[in-house]
Structures are given as structure tokens and as C-alpha cells.
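The block underneath contains the structure these notes are about, expressed in C-alpha cells.
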Amino acid sequence: IFNDRLVVDPATGYLNYIRASWENVGKLRTAGFDFSARARLRTEFGTLTPGWEATLLTKSEESIVGTGTTRDNLGKYNIGGPVVKLKQTFTLDWDKDKWGASLRYFRQNGYEDYDEVRKVKAYDLFDVQGQFRGIKGVTLTAGIRNLFDKKPPTTNQEDYFQVGFDPTYAAVQQRTFYVRGNYRY
């Protein structure tokens, strides 16, 4: 395909150099849908706000340079990370007077692993946090990420120095506690 870029030394007949340049010769076609829904329910116990956001991929194809064929990447590991079909986040927020709390559930589908033999399991996490806004201009927040201390699923990926898991798909941090203070004036 790129024979015209090989420059041969006429005296020796050996390859002298390759005339190379950066070109975008491949094509990637991706299609899908983004969803979002929220509701607000006012009760005597406070305001509840359930929410849902999702991304559903229906197509992810790339052209293979040289052959003219296409490869379907949907639900498979591709260079740089997996192409996950469905990612979703469910939230439930509660507010009453000076207090607030949030529960977040994140889930994404599994995928065919780097070795094209095994399947990486779906990944899901729960996060929780609470807030206090009882002092003018001050918001105090405390929370827990990865509430149930879930480990990332095992993978055979070889694109990153981390061994045994994919940092583009799952976080290695296990249960994490945090406290944050905000002051606005």
C-alpha cells in the first residue's frame, strides 16, 4: 500500500529511508444514544430527586488500513480501552433544610477482553455522601467512594503498565473516605 514511500539507494539497492508523514487514513464510525431523566418529589421528609443518565452505544466500527475491511469494536477491547455498550448512573438526592444526602450507583457492561478469549465482568460502584449547610456560606461534605470496597474486574490488557485491571474501565482505589469544606462569600 505504501511502497511509494520506501526510498531505495540506487547504488546499493538497500532501503535508504522511509518517507513518512502523519496522516489520518482510518475511519471510525460510532453511533448511540444518551439518556437523562430526573424528577423532583417534595415530601414532608424533604425533597427527593431521583435521576438516571446512560450512554448506549449501538455502533462502533473502524476501517482497517490496507484491507478496506471494517472491524466491529462494540463490546470489545480496542487499542486504548474497551468500547462498552452501556454505561449508566442512578442517583438519589435528598435535601431538607440544612441537610442533604446523595446515593450514586454507577454500572457499565462487561466486554470481550484484550485476548479476545475471555469476558471482563460488568463493573458497578456505590458512592454515598452527606452535607451540612447550617452556617451561612459554608457547606460541609463527607462521603465514601466505592462504599462496598469493590475491586476492579480482572483483565489481560497490555496497553497500560497496570497489571490485572484496566485503568480506563475501572478505578483501582478501593473504599475511600473524604471530607470537604466550602465557603462562599
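Kindly check whether there is at least one residue in the stretch 101-115 that is in contact with a Leu (Cβ under 6 Å, 6 or more places away or on another chain), within 15 Å of Gly81 (Cβ to Cβ) and part of a loop (DSSP other than H, G, I, E, B). Checking the stretch 101-115: at least one residue is in contact with a Leu (Cβ under 6 Å, 6 or more places away or on another chain), within 15 Å of Gly81 (Cβ to Cβ) and part of a loop (DSSP other than H, G, I, E, B). The residue that is nearest to Tyr111 (Cα to Cα), among those in the stretch 136-148 that are loosely packed, with under 11 Cβ neighbours inside 10 Å and not hydrophobic (A, V, I, L, M, F, W, C), is Gly137. State all residues of the stretch 70-115 that are at positive phi and either more than 20 Å from the chain's Cα centre (by Cα) or β-branched (Val, Ile, Thr) (or both); if no residue qualifies, say none. Result: Asp97, single match. Within the stretch 117-134, is even one residue among the hydrophobic types (A, V, I, L, M, F, W, C), open to solvent by 70 Å² or more (accessible area, probe 1.4 Å) and either at pLDDT 95 or above or touching a Leu at 6+ places or on another chain (Cβ under 6 Å) (or both)? Looking through the stretch 117-134, none of the residues is among the hydrophobic types (A, V, I, L, M, F, W, C), open to solvent by 70 Å² or more (accessible area, probe 1.4 Å) and either at pLDDT 95 or above or touching a Leu at 6+ places or on another chain (Cβ under 6 Å) (or both). Just one residue in the set Phe177, Phe161 is within 15 Å of Leu103 (Cα to Cα), without any contact (Cβ under 8 Å) to a residue 40 or more places away in the chain and open to solvent by 60 Å² or more (accessible area, probe 1.4 Å); that residue is Phe177.
Here Asp4 meets the list (1) exposed (fewer than 11 other Cβ atoms within 10 Å of the Cβ); (2) assigned to a strand (DSSP E or B); (3) of a type in the set (D, E, K, R) almost entirely, failing just condition (2). In summary, Ala170 fulfils each of the numbered conditions (1) farther than 20 Å from Ala54 by Cβ; (2) among the hydrophobic types (A, V, I, L, M, F, W, C); (3) touching a strand residue (DSSP E or B) at 6+ places or on another chain (Cβ under 9 Å) with the single exception of condition (1). Each residue in the stretch 10-36 was checked for being within 30 Å of Val84 (Cβ to Cβ), open to solvent by less than 100 Å² (accessible area, probe 1.4 Å) and modelled with pLDDT of 85 or more, and 5 of them qualify. Looking only at the stretch 45-69, filter to residues that are aliphatic (A, V, I, L, M) and either under 16 Å from the mean Cα position of the chain (by Cα) or open to solvent by less than 40 Å² (accessible area, probe 1.4 Å) (or both); which one of those is farthest from Leu125 (Cα to Cα)? Once the filter is applied, the top-ranked residue is Leu57. Here Pro167, Pro152 are screened, and the one residue that is buried (at least 17 other Cβ atoms within 10 Å of the Cβ), under 15 Å from the mean Cα position of the chain (by Cα) and not in a strand (DSSP E or B) is Pro152.
The values are calculated or read from the model by the stated rules, or taken from the named source; none is laboratory data. Fair warning: this is a prediction, and the values are worked out from it, not measured in the lab. Backbone-built Cβ (ideal geometry, glycine too); neighbour counts: all protein chains shown. Calculation scope for accessible area: heavy atoms of the full protein, side chains included, ligands and nucleic acids excluded. Shrake-Rupley method; radii C 1.70, N 1.55, O 1.52, S 1.80 Å.
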